[in-house]
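Okay, so here's the structure we're looking at.
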Amino acid sequence: MITEEEIKDVAKLARLELSQEEIKKMGKELSSILDFFKSLDELDVSQVTPAFYLIPLKNVMREDKAEKKDKKEIDRILSQVPSKEGKYIKVKEILKQ
Amino acid sequence: MKVEDLTIKKIHRGLTEKTFSATELTRAYLGRIKSQDEKISAFLEVCENLALSQAKEVDDLISQGKEISLLSGVPMAVKDNILIRDLKCTASSKILENYQASFDATCIKRLREKKAVFLGKTNLDEFAMGSSTENSAFKITHNPYDLNRVPGGSSGGSAAAVSSGECCSALGSDTGGSIRQPASFCGVVGLKPTYGTVSRYGLIAFASSLDQIGPLTKNVEDSQIVFEAIKGKDPLDSTTVETQSLSHSVTKSLSDLVIGIPKEYFGKGIDKEVKEAIEKIIKKVEGEGARIEEISLPHTKYALSSYYIISTSEASSNLARFDGIRYGMSNVKCQMSNLLEGYLKTRGEGFGPEVKRRIMLGTYALSAGYYEAYYLKAQKVRTKILEDFEKAFEKVNVIFAPVSPTVAFKIGEKIEDPLKMYLSDIFTVPVNLAGLPALSLPCSEAKNLPVGLQITGKPFQESEIFTVAEFVEKIVA
């Protein structure tokens, strides 16, 4: 059983604000899902290589060179920014003055 | 014009023989949407202006006597997690409710080059997380066969739109069955291509090692045409690989074929009617000369756990980008909050319950102390599942199985119980874990609702799947 404290910790790691009601419900639901995952413990996979890649992939490199974008494209991107000043994206203060 | 009966080749013939113009055709589909979508609710947005301007381009080409491609003027719908420049792309989430795409997904770019027509964006489970399209923040889509039932998910809008004749074909995305299961529920053809075949650039990411874009169509021929148009290596998605142009399939007739039937897919959990419907098709195909061989995929029962651990882990990482700073819903303007509070509030308000649940699960599975017990273990189990398929394909050409253990279920039937909903994906997730191509073919009915046959092939052998599917399509017609 996953505790309420654990839910709060994970929610903070995940950057999610949850209401008290959501925390309660989440605890129950996650517990039953994690119980279901326990079926994997029946298998001994200690000697198995994990399958991070399914197809033969290799690193793809490109030159580290800035690409010039036309103004229309830049405007399209900036038009989606919630808070900006000129062509700069505004963020919250992260260092105290 | 009865647009419900049109396929890509019929449209092409109509356009080139000037039976109808692309504009007339597009208007007919827009009319069909107007008359049908009030009850189906497949579309989140209909882009009439874009569609009519694209249709006009095709009409101009025709009047200039230029040759047009098979897809020119073909009215398509696009799942709303695939970006079309200057249209909204919401992923059915409040957090992207007003987001307008600043670029085209690669598959969209390729369809534009063929002069396909985009009618609009279709409903989905929020961020493609779900099996019924009920997790959309905006609306519930209804199954055209029975309006009280779900169309499946997460590409439920696309499947319902094709099924009800609101578009000729559509794009969806499949992470754990999200093309095949709604195709099965709505009686259309759905293809999940081999991982790495279709570029994911411009697809809003859910689980990057599993996601693939693919077509939902009326028949197998259309599926192949759309697939060929969107596939291919893309410098903007480094996991895409160069595939040969569809090499001619080695199968010339059904008697060349060995079909594997995995016994694990016909045991506990499957509805009796679905099981009987699939078994009947297998008998028919055997009667036509194919060799049927029982096979075993012994790790099937572990696939669902492995899938939900891997997909939620990847999702928790992918969805970290929704921070309310660069785009999407935001409360950064709120003077009171600091950086952390800005994140917490934006995401707490913007994401719906299923998305929060999966982010939480994934964050938990990846967190210190749990990584080895969950994520690493799931990736190892994935290896076992992959090996099961490799072994099976040593002696069979394709695998036949049901797509879903049930027919379309009732709206509201599973939404309150997340685990019950996850179990709907039991027959589709192994294919994603193994990266294989698989097609859902409408082959029968049970309880007056469509049943899909899942045809799985070897990696990059879509051509084999299409050939086999066309054989079966003829048999069941």
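With both bridge residues required to lie in chain B, what share of the DSSP beta bridges run antiparallel, to the nearest 5%?
The antiparallel fraction comes to roughly 70 percent.
Per residue, how many Å² of accessible area does chain B show with a 1.4 Å probe?
About 35 Å² of surface per residue is accessible.
Roll a 1.4 angstrom probe over the protein heavy atoms and tell me the percent of accessible area of chain B that is carbon or sulfur.
48 percent
For chain B, what mean projected area does the convex hull of the alpha carbons give, in nm²?
22.1 nm²
For the stretch B:343-472, just run the numbers: alpha carbon Rg, then divide by 2.2 N^0.38 Å, N being how many residues it has.
Normalised Cα radius of gyration, the stretch B:343-472: 1.32.
Which loop GluC sites (Glu not before Pro) in the stretch A:62-97, with loop taken from DSSP, have no more than 11 other Cβ atoms within 10 angstrom of their Cβ?
Taking the stretch A:62-97 and a limit of 11 other Cβ atoms within 10 Å, the loop GluC sites (Glu not before Pro) found are A:GLU63, A:GLU67, A:GLU93.
Thinking of chain A as a set of Cα atoms, what percent of all their pairs are more than 19 Å apart?
74 percent
Report the net charge of residues surrounding B:PRO418, where surrounding means a beta-carbon distance below 14 angstrom and charges are Lys +1, Arg +1, Asp -1, Glu -1.
Summing Lys and Arg as +1 and Asp and Glu as -1 gives -4.
Projected area of the protein assembly as shown, taken from the Cα convex hull and averaged over every viewing direction, in nm²?
Averaged projected hull area, Cα only: 27.5 nm².
How much accessible area is lost when chains A and B come together, counting both sides, with a 1.4 Å probe, in Å² rounded to the nearest 100?
In total, this chain pair buries about 5300 Å².
Find, among the trypsin sites (Lys or Arg not before Pro) in the stretch B:378-477, those assigned to loop by DSSP (not H, G, I, E, B) with at most 16 other beta-carbon atoms within 10 angstrom.
Those satisfying the criteria are B:LYS395, B:LYS447.
Based on the Cβ-Cβ distance from A:ILE89 to B:GLU113, what FRET efficiency comes out when R0 is 22 Å, to the nearest 0.05?
Rounded to the nearest 0.05, the efficiency is 0.10.
HN-Hα J couplings of the stretch A:6-11 from phi, Karplus 6.51/-1.76/1.60, θ = phi - 60°, integer Hz, Gly and Pro as x?
Here the 3J(HN,Hα) series is 4, 4, 4, 4, 5, 4 Hz.
Antiparallel DSSP bridges in the protein assembly as shown: what percent, to the nearest 5?
70 percent
Using only helices, what value at 222 nm comes out for chain A when you add -39,500 (n - 2.57) per DSSP H run of length 4 or more and divide by the total residues, to the nearest 500 deg cm²/dmol?
Per the formula, -11500 deg cm²/dmol.
With r defined as the distance between the Cβ atoms of B:GLU394 and A:LYS96 and R0 fixed at 51 Å, what FRET efficiency is calculated, to the nearest 0.05?
Using R0 = 51 Å, I get an efficiency of 0.20.
What distance in nm separates the simple spin-label points at A:ASP35 and B:LYS66, each placed 7 Å from Cα in the Cβ direction?
Between A:ASP35 and B:LYS66, the label points sit 6.3 nm apart.
How far apart, in nm, are two points set 7 Å out from the Cα along the Cα-to-Cβ line at B:SER53 and at B:SER317?
3.9 nm
Could you state the accessible area per residue of chain A in Å², with a 1.4 Å probe and every protein chain left in place?
Accessible surface, normalised per residue, equals 81 Å².
List for the stretch B:69-116: residues with 20 Å² or greater reduction in accessible area, all protein chains versus chain alone, probe 1.4 Å?
Checking the loss per residue gives B:ARG85, B:ASP86, B:GLN100, B:SER102.
For chain B, what does -39500 (n - 2.57) per DSSP helix run (n ≥ 4), summed and divided by total residues, give at 222 nm, in deg cm²/dmol to the nearest 500?
Roughly -12000 deg cm²/dmol at 222 nm, from the helical runs in chain B.
Hey, quick one: spin label on B:LEU423, modelled 7 Å out along Cα-Cβ, who in the stretch B:369-413 has an amide N within reach, i.e. under 12 Å?
B:405-406
The values are calculated or read from the model by the stated rules, or taken from the named source; none is laboratory data. Predicted, not measured: the structure shown is a model, and the values here were computed from it. Positions of Cβ are generated from backbone atoms using ideal geometry, with glycine treated the same way; all protein chains shown enter the neighbour counts. Heads up: the accessible areas ignore ligands, DNA and RNA and are worked out on the full protein's heavy atoms, side chains in. Shrake-Rupley method; radii C 1.70, N 1.55, O 1.52, S 1.80 Å.
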